[in-house]
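Down below is the structure, laid out as structure tokens.
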Amino acid sequence: MTEQTSSLHPVLPLRDIVVFPHMIVPLFVGREKSVKALEEVMADDKQILLASQIDPSLDDPDTDAIYRVGVLANVLQLLKLPDGTVKVLVEGQRRVKITEVVENPRFFEAEAVLLEESLGDPASAEALTRSVNEEFERYAKVKKNIPEEALAAVSDTHEAAKLADLVAGHLGVEVAQKQELLETLSVAERLEKVYGLMQG
């Protein structure tokens with residue numbers, strides 16, 4: 001694995017949600033530090049690091065309270081609401097690992113390196129891609145809360161890594177389980193875990 005150079009990004013701690021690459025998600029942001037982080041990225045390259053909180057009940061999490069693997073995301077849209085909260089539309093891009101948190105009184109900032117995925121066993125990844133596709137259709141019928149566009153996006157996707165992430169994002173499982181999927185860099189292994197969770 002090549003040694004990645006790290007880059008510095010404002011961090012947005014997330015409660016009760018894990019954002020995966022390829023996902024477009026609306027977030028409502030009310031915490032002052034998080035709003036400041038968003039203002040910073042809007043003025044710059046519109047890239048923000050999304051990292052989930054280990055304990056979602058914390059109102060002002062410190063840097064030990066967020067997972068070290070997160071996603072670098074693009075901010076597609078930002079809307080300030082009358083009550084002071086901000087609605088933001090983000091698109092997950094790449095998995096990253098936080099290597100160092102930087103002291104910044106205004107908002108969280110962290111050094112992060114890009115994480116490289118590996119396909120794992122190609123034959124098993126291909127077979128699992130088909131199984132996960134079929135299983136997701138069944139899963140969506142049972143759950144009934146999967147948006148139509150998510151179903152369409154999944155059925156259009158034949159790329160193993162993207163499929164694993166799209167499905168993972170729509171699973172009705174705990175944050176800790178989703179975080180484990182985010183941290184699984186072998187695509188074949190991730191597809192296997194996703195498949196198992198849909199049958200759970």
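For a quick check of your reading of the model, give me the residue pairs whose first member lies in segment 184-200 and is within 15 Å of K162 (Cβ to Cβ), whose second is basic (K, R) and in a helix (DSSP H, G or I), with beta-carbon atoms closer than 7 Å and at least 6 apart or on different chains.
Correct list of pairs: T184/R190; T184/K193.
With the checklist (1) touching a Lys or Arg at 6+ places or on another chain (Cβ under 8 Å); (2) among the basic types (K, R); (3) modelled with pLDDT of 95 or more in hand, flag the one item R94 doesn't pass.
Only one criterion in (1) touching a Lys or Arg at 6+ places or on another chain (Cβ under 8 Å); (2) among the basic types (K, R); (3) modelled with pLDDT of 95 or more is unmet by R94, namely (1).
Can you give me the ranges of the helices (runs of 4 or more DSSP H) entirely in segment 129-200 with at least 1 residues that are among the basic types (K, R) and buried (at least 19 other Cβ atoms within 10 Å of the Cβ)?
The qualifying helices (runs of 4 or more DSSP H) are 175-183, 187-199.
What are the residues in segment 28-55 that are within 20 Å of the chain's Cα centre (by Cα) and assigned to a loop (DSSP other than H, G, I, E, B), if any?
G30, R31, D45, K46, I54, D55, listed by residue number.
Please specify each residue of segment 98-108 satisfying the condition of being at pLDDT 95 or above and crowded, with 18+ Cβ neighbours inside 10 Å.
Residue satisfying the conditions is I98 alone.
What are the residue pairs meeting all of these: first residue in segment 56-67, first residue part of a helix (DSSP H, G or I), second residue surrounded by 14 or more Cβ atoms within 10 Å (Cβ to Cβ), Cβ atoms under 8 Å, and 6 or more apart or on different chains?
Between residues of segment 56-67 that are part of a helix (DSSP H, G or I) and residues that are surrounded by 14 or more Cβ atoms within 10 Å (Cβ to Cβ), the close pairs are T63/V101; T63/F108; T63/A110; A65/P13; A65/Q53; A65/I54.
Does V19 meet the test of being under 27 Å from A153 (Cβ atoms), at pLDDT 95 or above and open to solvent by less than 10 Å² (accessible area, probe 1.4 Å)?
Answer is yes for this residue.
Contact list please: Cβ distance under 7 Å, first residue in segment 155-183 and at negative phi, second residue surrounded by fewer than 15 Cβ atoms within 10 Å (Cβ to Cβ) and part of a helix (DSSP H, G or I), pairs at least six apart or on different chains.
Qualifying pairs under 7 Å: G172/K143.
The values are calculated or read from the model by the stated rules, or taken from the named source; none is laboratory data. Nothing here was measured: the structure is a model prediction, and the numbers come from that model. Don't worry about glycine lacking a Cβ; one is built from the backbone with ideal geometry, like all the others, and counts go over all protein chains shown. The accessibility values were calculated without ligands, DNA or RNA, using every heavy atom of the protein model including side chains. Shrake-Rupley method; radii C 1.70, N 1.55, O 1.52, S 1.80 Å.
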